[in-house]
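Q: Structure below; questions to follow.
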Amino acid sequence: MAVSLRSIQNATIVVVLLAIPVVLLRNTAENPHELSAFDRSVRRIGAPLEAAVSYSTSTMGSFFERWLMQARLQDSNEQLASENRELAQRLRELAELAEENTQLRRALQMRDRTPADMIPAERVGVDQSPFFRVLNIRIDRGSRFAKPGMAVLSPDGVVGRVDKVFDDYSDVMLVTDARSKIAVEVARSRAQGILHGDSEYGCIVDVPKDYEVEPGELIQTSGVDELFPKGHPIGRVVDVEQLVGDQQRLHVKPEIRFDRVDVMWVVLAGAPRPDTAEPPVGPQAMGLQPVR
Amino acid sequence: MIRALTYLVVGWVLIAVGGGLADVFMITVMLPATSVVLLTHIAFSRTMPLPMGLALAVSFGYLEDLHQGAPVGVLTLAFALAFLALSWAAERIAVSGWPTRMLTAFFSVVLVDLLTAGILVALADPLGLRREAMWVALWDARWHCIATALVAPPIWTLFERLFSLLKIEEPRTPDGPSPLGARR
């Protein structure tokens with residue numbers, strides 16, 4: 001078998017190369033804790049490379065870490081903002097419910113205080129002036145229950161009277177309407193008069209000069225007209241104008257904010273009991289009298 | 001020669017990068033042996049004569065010794081012996097496709113770890129090591145083998161692209177030069 005020179009050379013190199021680790025191991029076994037001069041040289045040569053790699057990887061690592069953190073913060077921020085919107089919406093709904101609850105409680109309290117037969121009504125619409133002042137209120141009681149002229153009250157005060165009646169709803173003429181007339185009295189002195197609507201802002205009532213009236217005094221229904229129950233508040237005197245003769249004119253500002261009235265009561269007083277053989281249905285079953 | 005130099009430089013960088021990344025990202029799992037993948041690549045690409053490949057194996061083993069803090073010479077010898085075995089295997093087995101590369105790298109690193117453990121056990125007394133600790137370390141080396149197998153395909157592809165870029169890729173044919181330098 002012929003052996004080439006090249007094979008001999010290669011075999012020699014292989015043996016020499018295999019001898020290197022053996023020599024290294026021998027040196028290490030003799031002195032395991034010390035690096036040789038050659039080892040230190042190699043480490044010195046490799047140190048800048050390792051330092052550069054370490055610096056690059058740490059820079060890259062900190063960049064990615066920061067980027068990841070920012071991405072997480074952004075996700076968290078969006079999630080919190082979404083939750084915040086939902087909670088704010090829920091808070092608004094709760095505030096509305098609380099306000100509605102308060103109004104209903106006050107309406108029920110008023111119902112207990114007032115002896116007249118009344119039927120609750122809810123506001124379903126308003127007519128407003130171009131400046132958003134309420135001119136007219138529409139309630140969800142139609143011709144089956146309401147009748148023109150019936151009084152409409154709220155827990156805070158008199159709203160007005162039923163004006164036009166339709167099948168399913170009615171328009172309420174506010175106390176501030178120029179056509180409105182209500183029998184009233186000054187709560188303290190019992191001076192009586194007829195309250196007229198004056199403007200969108202208030203009403204006027206003329207009373208004899210014999211009664212001393214001061215601004216801030218309460219004006220309430222007198223019950224003389226047999227439409228409004230006696231003693232229901234209407235507003236407070238804001239100005240007293242002395243007229244020629246024996247009368248003085250009181251300018252009254254209504255107690256209630258018409259744009260905030262949601263629940264009202266329609267006074268059914270004076271409505272006759274229906275003469276029918278059929279059993280009552282709807283509000284009649286609750287003892288309420290429909291208007292004919 | 002350029003090919004060998006490329007192996008050496010990039011291999012050194014990979015060894016340093018592995019350690020650096022592990023330090024930066026606080027990786028506590030067993031790291032892959034990129035140099036063993038290179039060793040496998042050198043052996044199975046069959047584009048280099050055996051003495052040159054063995055010199056590279058000795059160099060990688062020596063660098064690993066220094067980086068891992070192992071007794072100098074242990075990994076050097078293990079790498080050299082493993083390379084001889086891989087070169088012998090490369091005469092008989094062709095490696096193509098990433099599953100085979102992964103498998104080859106896996107068996108290569110198993111071989112290196114077994115050789116390392118064998119050398120350490122044999123030289124436990126002069127090096128002042130406890131033999132029981134060697135067996136525990138050898139069992140933990142299974143993660144080392146899996147990690148190495150996982151990084152084998154990308155490193156393999158990296159070197160193929162690199163050599164193609166540097167225009168030092170040599171055609172790999174069954175009739176290529178034998179690593180052992182023997183005539184067919």
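Q: Taking into account only those residues within region B:76-128 that are in a loop (DSSP other than H, G, I, E, B) and either among the hydroxyl-bearing types (Ser, Thr, Tyr) or on the phi > 0 side of the Ramachandran plot (or both), which is nearest to the other protein chains (Cβ to nearest Cβ)?
A: Within region B:76-128, the first condition is being in a loop (DSSP other than H, G, I, E, B), and the residues that meet it are B:91-97, B:123, B:128.
Those still in the list that are either among the hydroxyl-bearing types (Ser, Thr, Tyr) or on the phi > 0 side of the Ramachandran plot (or both) too: B:96-97, B:128.
Values: B:96: 27, B:97: 30, B:128: 6 Å.
Filtering first and then ranking leaves B:128.
Q: Just one of (1) surrounded by 12 or more Cβ atoms within 10 Å (Cβ to Cβ); (2) part of a helix (DSSP H, G or I); (3) at pLDDT 80 or above trips up residue A:98, so point out which.
A: Only one criterion in (1) surrounded by 12 or more Cβ atoms within 10 Å (Cβ to Cβ); (2) part of a helix (DSSP H, G or I); (3) at pLDDT 80 or above is unmet by residue A:98, namely (1).
Q: I would also like to ask the following. Count, please, the residues in region A:221-269 that happen to be touching a residue at least 12 places away in the same chain (Cβ under 8 Å), of a type outside the set (A, V, I, L, M, F, W, C) and part of a strand (DSSP E or B).
A: Residues that pass the stated criteria total 12.
Q: Now, a different point. Evaluate the following for residue B:64: is it in contact (Cβ under 8 Å) with a residue 12 or more places away in the chain and of a type in the set (D, E, K, R)? Break it down into steps so the answer makes sense when it comes.
A: Working: in contact (Cβ under 8 Å) with a residue 12 or more places away in the chain: yes; of a type in the set (D, E, K, R): yes.
In short, yes.
Q: Filtering region A:20-48 down to residues that are facing chain B (nearest Cβ under 8 Å) and of a type in the set (Lys, Arg), which residue is surrounded by the most Cβ atoms within 10 Å (Cβ to Cβ)?
A: A:43
Q: Let me ask something additional. Would you mind finding the one in A:112, A:163, A:168 that is closer than 21 Å to residue A:234 by Cβ and in contact (Cβ under 8 Å) with a residue 24 or more places away in the chain?
A: Values: A:112 fails: in contact (Cβ under 8 Å) with a residue 24 or more places away in the chain; A:168 fails: closer than 21 Å to residue A:234 by Cβ.
Of the residues listed, the single one that is closer than 21 Å to residue A:234 by Cβ and in contact (Cβ under 8 Å) with a residue 24 or more places away in the chain is A:163.
Q: Just the residues that are closer than 16 Å to residue A:156 by Cα and not aromatic (Phe, Trp, Tyr), please, taken from region A:217-233. Explain how you work it out, then say what you get.
A: So the first thing to find is which residues in region A:217-233 are closer than 16 Å to residue A:156 by Cα, and the list is A:217-221, A:228-233.
Within region A:217-233, A:217, A:218, A:219, A:220, A:221, A:229, A:230, A:231, A:232, A:233 qualify.
Q: Let me ask another. Just to be sure I understand, how many residues within region B:42-55 are surrounded by 24 or more Cβ atoms within 10 Å (Cβ to Cβ) and either of a type outside the set (A, V, I, L, M) or more than 8 Å from every other protein chain (Cβ to nearest Cβ) (or both)?
A: Matching residues across region B:42-55 total 4.
Q: Sticking with this one: So which of A:54, A:76 is within 60 Å of the chain's Cα centre (by Cα), within 7 Å of chain B (Cβ to nearest Cβ), without any contact (Cβ under 8 Å) to a residue 40 or more places away in the chain and farther than 21 Å from residue B:73 by Cβ? Quick ask: steps written out before the conclusion?
A: Values: A:76 fails: within 7 Å of chain B (Cβ to nearest Cβ).
None of the other options fit; the residue is A:54.
The values are calculated or read from the model by the stated rules, or taken from the named source; none is laboratory data. Owing to the predicted nature of the structure, the values given are computational and were not obtained by experimental measurement. Positions of Cβ are generated from backbone atoms using ideal geometry, with glycine treated the same way; all protein chains shown enter the neighbour counts.
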